[in-house]
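*Asks:* The following block contains the structure, expressed as structure tokens.
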Amino acid sequence: SNIEGVDQYNACYGGQAAGLAVLSWVESDRWDGRYGIAVASDIAEAHPFFIAFVGAATTASLFFPDAPLAHHSQRATCIMHRLDFCKPVGWHDMAPVTDGKYSVECYLDALDACYKTLRKKVNDRELFQLTDYNVFHTGGGYHIVKKAFERMLRNERPECRGSERDELTAVRLHPSCHILKRVGPCHTVSSFLNTASVAMSQMQEALGKVIMVFTYGSGCAASMYQLRVDDIAYFDPLEVWFLKRFYRNSIKMYPGDAHPIHMVFVETWMKFEYKPFGRQTHGQDLNLLEDDVYYLGEIDKFGRRFYHRGGLKARPLDKKYELPADTAEGRPTRKHWGPLPEAKKAIEDVSKSDEARRRQIEYDMTFDHEAEEGNFVEIGEFNDTYQKEQKVRILKPLPDRKQHGTTIEPDGQSHSYQIVGTWSSRTPVDMEQTSDVSWYFDFTLGENRWEEFYLLQDGDPQRRIYPHEAKGSKESVAVGPHDAGPSNHWFIDCRDRVDVPEEQLGMPGDRYRITFRWKKLKEVSWQKLEGEKGEVEPSRYSVAGSWTDFELQELRPETGRRRGWHSTEVQMTSLGLEFRIVRNEDFGQSIYPIPAKKEERSCGKNAAVCGPDALASTYWKVDGILGGIYKLKFYRDPEDCESTGMRVDWTKVDDRPVVEVEPTYYLVGPFNEWGQKDMRKMRHPPNDLSLFEGEVEVKEMVDEKATEKRKFMMPFKIVQHKMPTRCVHPDKDRCSQLTDHKVVMDDKGKDLSWYIGLHPTDKAKEGDVFTVKLQIAPSGEMSVSWSKS
């Protein structure tokens, strides 16, 4: 290869020296049009006692004309003869000789020198006026960076104090420290890494701004230069990078486990005829080695180092990659370093057990625990041997015990399959059959850029086929046809996310195909139909608000405004105005605010928008006066699927006499997960508007006050207008009809309920249905009673 380069051996300045050398070549008349690259690398060379204070990283910086980060204006360099940090010839230790306090003084002296020189080069203009961000070398950690920034700030603006200084630190310095704070202090890569931190954390916010970089190496050498952000650099946003690059292959290891391995590493200093042994000796799985990393295989008797990609877990290179020099120089290779770990066998074992694993998952999910209790007969109840007050029930399985879990096999019959997805407002649609064991369905991606679905057999809602996990992927186990289990869906995410495959990414209008196969095991998969486009179904939006008991009210598209605006008008009553937005009348696509504090239930219009998803638990709240007419407005950018492309607003448009909503009441209890699943509306009997009635079914339940006992009972309470702040409850917990108590309505009823069946006079049995009655007197006083239906 026609490649020129040079190795730079320095202290921390070596990486920057390489970068400036490449820059000088690209800017010179000798440049021949090829790009230049400067690679800087660090290893955490320190004794384990100091490992918390060092980081390890490598950067590769590409230099070329018209780069996104352009070297800009003037630069200054300072070189002084200092022995603050060094490795003497023949030094016995991996760690250098360091004078910490003196090294910090040298760092700050070099900073002062570069600062003064650069000020002169820019006609003594204030550097803080010419630049927007500050990057510093971080060989000693964040405290050194902060000290250097404050020193420069004092030079620039001696009068700057307190909150102004803190604000400048947050705006100018902190964007450069995000990676430093997770990786730890680095050395030759430091200025490159911290510059990348600015680019990744600021992205488009940094366009047109200037970064001032100070880089330093003990000995000592330092430079100060400026970078202008002309374009968004070729990086992922910082948090995406952390997940996709930094943490992707990370191995969790406690300091106590890492210490012995690191001690072996420290002892490799100046070794000859050496083969690494730390990982194997101390039990680290060699299969955790990364495929694309070159690991040291051997140091021979001449001190030559030999590496192998993938380390000991990788096979030897193919013979076509062997060089004549390998034989001529007697270079050791992978075959000289021992056998492969038993990774292949482990993979085969997993493959063989995959069918059994999938069957076991389906068995567990279809297992009927209640029916299983009928497979046992109780022998008796006894006191525990060691805890005398503890009762133990002894059960014996029946000889003809029935299995209540199943792995559902093909029955050999002809069936149709329907798909229930968000693209059709969760209405079942027939799938096309391509063979006896395969069906497919094509859909057009909507404006969410995600869709979810499950399957039905023969159009029967009690014969669902669904993934074993929420938001199932192609790898999820398909369960069913089954009439119970969780409400899981397969989730097709086509947004640009860390965990979304590139081939799955799509935009509204792109076409996708879902395929269902059932030969032996059920398989669900999907793929993008490249080049195919469909018509995007316009979204419909509704508002679920307190004035309608959170039932849906249509938001109409606004005319005369840009596409994406929807609105409706509502009146402020004593119920207040709390609401969230729902897409396509699907509460699984709710749009809601993110509160400033986790415990808050409602937010103002300035709260960030979240959704659409099924995780809504908060509402927007309009503060206003009774009778006011408010126009609720919702905007979603048709070109932006992210929540940042949505906006909720409202304005008062009129005043009118208050028209209060007729009161409604709902029953909540374990039968509807205390209102999380559904709420049972209580009805008026004919000609009696002061009485509300609803039905509650009794089940056998564990008594919370005596967990060893089971009773036929059912707790409940009542809420007005589905609002937790208007909970109708007794002033005592575990109330029966005969308990002396008061009925109150407030937001303090979390642990206060009525219990049907708790008192013997209810004569409650499994499956009994009781009618609950709420009577409201003209004075507003309430009473609650029940009787068997």
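The values are calculated or read from the model by the stated rules, or taken from the named source; none is laboratory data. The structure presented is a predicted model; accordingly, all values stated were derived computationally and were not measured. Don't worry about glycine lacking a Cβ; one is built from the backbone with ideal geometry, like all the others, and counts go over all protein chains shown. All accessible areas refer to the heavy atoms of the entire protein, side chains included, with ligands and DNA or RNA removed. Shrake-Rupley method; radii C 1.70, N 1.55, O 1.52, S 1.80 Å.
*Asks:* How much length would be gained if the chain were fully extended between residue 761 and residue 171, taking 0.36 nm per residue of separation minus their Cα-Cα distance, in nm to one decimal?
*Replies:* 205.3 nm
*Asks:* Given 0.36 nm per residue, what is the gain on full extension from residue 660 to residue 309 after removing their alpha carbon distance, in nm?
*Replies:* 118.9 nm
*Asks:* Return a whole-number percent for the relative contact order of the range 506-567, with Cα pairs under 8 Å and 6 or more residues apart as the contact set.
*Replies:* RCO, the range 506-567: 22 percent.
*Asks:* Sort 772-779, 549-556 by the packing proxy (mean of other Cβ within 10 Å over each peptide's residues), most packed first.
*Replies:* The peptides rank, most packed first, as 549-556, 772-779.
*Asks:* Work out how far the C-alpha atoms of the range 1-147 reach from end to end along every principal axis, then list the three figures in whole Å, largest first.
*Replies:* Projected onto its principal axes, the Cα set of the range 1-147 covers 47, 46, 27 Å.
*Asks:* If packing is taken as the average number of other Cβ atoms within 10 Å across a peptide's residues, how do 277-283, 683-689, 116-122 rank, most packed first?
*Replies:* Descending mean neighbour count gives 116-122, 277-283, 683-689.
*Asks:* What FRET efficiency would be calculated for the residue pair residue 458, residue 322, taking the C-beta separation as r and a Förster radius of 41 Å, to the nearest 0.05?
*Replies:* It comes to 0.10.
*Asks:* Suppose R0 equals 41 Å. What FRET efficiency, 1/(1 + (r/R0)^6) with r the Cβ-Cβ distance, do residue 32 and residue 495 give to the nearest 0.05?
*Replies:* Computed FRET efficiency for residue 32 and residue 495: 0.45.
*Asks:* Moving to a separate point now. Under a 1.4 Å probe, what is the accessible area of the range 11-136 per residue, stated in Å²?
*Replies:* I get 55 Å² per residue for the range 11-136.
*Asks:* Ignoring any ligand, DNA or RNA, what whole percent of the accessible area of the range 89-236 comes from carbon and sulfur when the probe is 1.4 angstrom?
*Replies:* 50 percent
*Asks:* Follow-up. What whole number of Å gives the distance from the Cα centroid of the range 703-781 to the Cα centroid of the range 74-89?
*Replies:* Each part reduced to its Cα centre gives a spacing of 79 Å.
*Asks:* While we're here: Take residue 785, project a point 7 Å from its Cα along the Cβ direction, then tell me which residues of the range 653-680 have their backbone nitrogen under 19 Å from it.
*Replies:* Within reach of a label on residue 785: no residues.
*Asks:* Compare the peptides 130-136, 436-442, 657-663 by average per-residue count of other Cβ atoms within 10 angstrom and give them in order, highest first.
*Replies:* 130-136, 436-442, 657-663
*Asks:* Let me ask something else. Taking the Cα-to-Cβ direction at residue 553 and at residue 6 and moving 7 Å from each Cα, how far apart do the two end points lie in nm?
*Replies:* 7.6 nm
*Asks:* Could I ask something else about it? Looking at the square roots a ≥ b ≥ c of the eigenvalues of the Cα gyration tensor of the range 216-281, which shape do they give, rounded for a/c under 1.5, prolate if a/b is larger than b/c, or oblate?
*Replies:* oblate
*Asks:* Dividing the convex hull volume of the Cα atoms of the range 561-652 by its residue count, what figure in Å³ per residue is obtained?
*Replies:* Per-residue hull volume (Cα only) is 104 Å³.
*Asks:* Using alpha-carbon pairs under 8 Å, 6+ residues apart, how would you state the relative contact order of the range 28-139 in percent?
*Replies:* About 20 percent, as a whole number.
*Asks:* Same structure again: Measure nothing but the geometry: give the 0 to 90° angle between the long axis through the Cα atoms of 142-156 and the longest principal axis through the Cα atoms of the chain, rounded to 10°.
*Replies:* So the inclination is approximately 70 degrees.
*Asks:* Could I have the simple spin-label model distance between residue 673 and residue 268, label points 7 Å from Cα toward Cβ, reported in nm to one decimal?
*Replies:* In this crude spin-label approximation the distance works out to 5.2 nm.
*Asks:* If you don't mind, another one. So, in nm, how far is label residue 427 from label residue 124 when the simple model puts each one 7 Å beyond its Cα toward the Cβ?
*Replies:* 7.9 nm
*Asks:* Express the carbon and sulfur contribution to the solvent-accessible surface of the range 666-789 as a percent, rounded to the nearest whole number, probe 1.4 angstrom.
*Replies:* Answer for the range 666-789: carbon and sulfur cover 49 percent of the accessible area.
*Asks:* Ignoring ligands, DNA and RNA, what accessible area per residue does the range 409-468 give at 1.4 Å, in Å²?
*Replies:* About 44 Å² of surface per residue is accessible.
*Asks:* Taking 0.36 nm per residue of sequence separation and subtracting the Cα-Cα distance, how much length would be gained by fully extending the chain between residue 483 and residue 750, in nm to one decimal?
*Replies:* Gain on stretching residue 483 to residue 750: 92.9 nm.
*Asks:* Report which label in [x] 43; [y] 36; [z] 39 holds the value of percent of Cα pairs over 49 Å apart derived from the coordinates of this structure.
*Replies:* [x]
*Asks:* Can I ask one more? Could you work out the mean projected area of the convex hull around the alpha carbons of the range 185-305, in square nanometres to one decimal?
*Replies:* Computing the convex hull of the Cα atoms and averaging its projections yields 10.7 nm².
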